[in-house]
Each structure stands twice: as structure tokens, then as C-alpha cells.
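The values are calculated or read from the model by the stated rules, or taken from the named source; none is laboratory data. In this text, all values refer to a predicted model and were calculated from it rather than measured experimentally. Positions of Cβ are generated from backbone atoms using ideal geometry, with glycine treated the same way; all protein chains shown enter the neighbour counts. Accessible surface areas use protein heavy atoms only, side chains included; no ligands, DNA or RNA. Shrake-Rupley method; radii C 1.70, N 1.55, O 1.52, S 1.80 Å.
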Amino acid sequence: MQLGFIGLGRMGSNMVARLLEYGHDVVVRDRSHEPIDVAVAQGAIGSESISDMVEKLETPRAVFIMVQSQHVQGVLDELMPLLSAGDTVIDSGNTYFEDTLLRAEAASAQGVHYVDIGISGGVERARTGATLMVGGSQDIVRRLEPVLCDLAQEHGYGYMGATGAGHFVKMVHNGIEYGMMQAIGEGLGAIDQYRERFGTDLAQVLKVYNHGSIVESALMRWTEQAWTEDPGLVSIEGSVPKGDTEEEMQKLTTLARMPALEVAVAERVRSRATPSLSAKAISAMRQQFGDHRVIESS
């Protein structure tokens, strides 16, 4: 299947590499030339601008947007005037679902379909098979399934419902993720508090937790990996930088009763004034799975 792809960060570049591996025809666009050159070397078609990308696509066009949520509207402002009735826009960022609904309504007035996708699994699984939560017209989503199924790992793709459902379900997923990360960080902090009394090695704790225990998980694996690379996480400051989903998580706490999420958000904010090992662990996890920025120890 042919599609345009805007946004070649680490996630986007890995997704394009996977699509090319599965035989799709991908026309790529990014603000930087280097990731375009890499994608072209892998078999993609490069473009000099969004307009150039659109011109290289056959109608009806499908354009995948993989940029940070704060940049989606800017991309749409440039892209939408170039599209025709019957084309499809696929927004795969961490977009707030209410914004998705407004953008879908505007696209519909132009005769353009709008599909929203929440993607999970981090940079690694963008290459090996991610988890996709998809919202939009079921007929249009079905038309896109050759791409969606190839991007996803086995059983990792699902239709969540009408427009906005993909981003809403992903927002709740992020809320669950916040709570799980907070719990892992708190647990490590609790053990560390009694480390001198018992002589416990946190590297051993992480190894055991991550091999067959009830709390074994991708997040625990990333924590163990970070600790192996940087014992004690000494290079990381004990505070969690504000991420692009934090405001969305604060909104979610007003939409549904999620007390664990409320605590997790509050603790991230608190960590910026009161550093802790728990916050170090959360920062390390975020860096491992999403290449998010960490504050380095001075």
C-alpha cells in the first residue's frame, strides 16, 4: 500500500523501516534531511516539502502523521489545503481526543477522512511491532488495515471505535502507564530506604522482579536495563522533566476517577522540588522506551 509519512523521529523512522520491510510504498517527509536520506537508502521515496510529498501520492491519498502533539496542528495547517475529497489523514501522536474530534470535523467538511491512532511500545517496538489503538470510520480503518496490521505485533492492533476512540484509549493507557511507573519507582525507593539495614543490592532485586514475578513487565525490564547501564542511576537527577502528556493526564483525572494517576502526576511535579530515587527510576524508564529527555546529575 502507498502512503505518505510525516515525522521521522526515532519512532517514525522505525515505523517507516518496518513498513518498507513489509513491501509498502512510503513517501517520507521530515524537517531534517538526514532521516529522509536514511529512509531513502532503505527504499522510501523522499520529498522536499509536504507539497512535494502530496504530489508524489496517488489518489485517494493516505498520509500518516507521526509528530509530537504540539506540532500536529501546524502540520495539518500545511497539509489539509493540499488534500482532496476521499483522502485520509492518520494522526498517530499523543493528541488529546477532544482536539482530534475538532480536527476530524474540519477534515470531514473538506471530504477528508480522519483516523486517530494511539501507538504504544516505545522506540524498540516501533521497529519490531507496536501496539495500535485505532479510532475512526470502520470502513476507512478497514481500508488501512494492510498498513496497520503490518505496523503492529501479533494481536497488537485493535479497532477501538468511532473517531477519537483511538486517542482516548491511548490517553487512558498513558494514565495506567504513569501509575505503573510510579509504583515501580516507589518500590525501589522503599527498598533503598532499608538497604543499609539489610544490605540489599537493588540490581539483584530488579533481576528477580523481572524474571517470572507477578510484577515482571516491559517497564521493569527497562528499569533493569537502565540500572545495568548506570548502577544506582547516578548520572540522572532525581526529578522527572515535564513531558508532552502531563497536561493531558491532568485532564484525564477530571474525566474519570483514577486516583493512582492523580498521585503519579502529583509526584512527578513534586520531584522537581524534591528529587528522589523513585523519580530517577521513572526518568530512566522514560528514556529507555521513548528516548525522553532526562535531567543529568550535576
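If eta is 1.306 mPa s and T is 10 °C, what Stokes-Einstein diffusion coefficient results for the chain, Kirkwood Rh from Cα pairs, in µm²/s?
Reported coefficient: 78 µm²/s.
Please report the antiparallel percentage of the DSSP beta bridges confined to the chain, to the nearest 5.
20 percent
Would you mind calculating the gained length between residue 291 and residue 98 on full extension (0.36 nm times residue separation, minus the Cα-Cα distance), in nm to one decimal?
In short, 66.8 nm is gained.
Quick one: which of 251-264, 55-68 comes out on top by average Cβ neighbours within 10 Å, and what's the full order, highest first?
The packing order, highest mean first, is 55-68, 251-264.
If the reach is capped at under 17 angstrom between alpha carbons, list the lysines near residue 242, excluding any in the same chain fewer than eight residues apart.
Filter leaves 251, 280.
Just the C-alpha atoms of segment 132-238: what Rg/Rh do they give, with Rh taken as the Kirkwood radius?
Rg divided by Rh gives 1.15.
Around residue 291, what is the net charge, scoring Lys/Arg as +1 and Asp/Glu as -1 over all other residues with Cβ under 11 Å from its Cβ?
That sum, taken over residues with Cβ under 11 Å, equals +2.
Check residue 2: other-chain or 5+ apart residues with amide H under 5 Å from its amide H, H built from backbone geometry?
25
Of the candidates 285, 180, 80, which one comes out as most mobile in a Gaussian network treatment of the chain with C-alpha springs shorter than 10 Å?
Checking each option, the largest mean-square fluctuation is seen for 80.
Send over a whole-number figure in Å² for the accessible area per residue of segment 28-148, probe 1.4 Å.
Normalised by residue count, the accessible surface of segment 28-148 is 44 Å².
Which of the peptides 93-99, 31-37 is most tightly packed, and how do the rest follow, going by the mean number of other Cβ atoms within 10 Å of each residue?
Per-residue mean Cβ counts within 10 Å order the peptides as 93-99, 31-37.
Can you figure out the FRET efficiency of residue 257 with residue 32, using R₀ = 45 Å and their beta-carbon distance, to the nearest 0.05?
0.60
Compute the Rg/Rh shape ratio of segment 181-281: radius of gyration over Kirkwood radius, all on alpha-carbon atoms.
Here the Rg-to-Rh quotient is 0.99.
Can you figure out the FRET efficiency of residue 48 with residue 124, using R₀ = 45 Å and their beta-carbon distance, to the nearest 0.05?
Using R0 = 45 Å, I get an efficiency of 0.90.
What number, rounded to the nearest 500 deg cm²/dmol, is the helix-based mean residue ellipticity at 222 nm of the chain, given -39500 (n - 2.57) per DSSP H run of at least four residues and division by all its residues?
That calculation yields -17000 deg cm²/dmol at 222 nm.
How many Å³ per residue does the convex hull of the Cα positions in segment 159-211 occupy?
Per-residue hull volume (Cα only) is 68 Å³.
Please find, in a Gaussian network model of the chain (springs between Cα atoms separated by less than 10 Å), the residue of 153, 193, 250 whose mean-square fluctuation is greatest.
The residue that fluctuates most here is 193.
State the percentage of accessible surface on segment 142-260 attributable to carbon and sulfur atoms; use a 1.4 Å probe and exclude ligands, DNA and RNA.
55 percent
Using a ≥ b ≥ c from the Cα gyration tensor of segment 95-172 (square roots of the eigenvalues), is it rounded, prolate or oblate, where a/c under 1.5 gives rounded and otherwise the larger of a/b and b/c decides, a/b for prolate?
prolate
Only Cα pairs within less than 10 Å get springs; with that Gaussian network setup on the chain, which residue of 136, 158, 212 has the largest fluctuation?
Judging by the Gaussian network model, the answer is 212.
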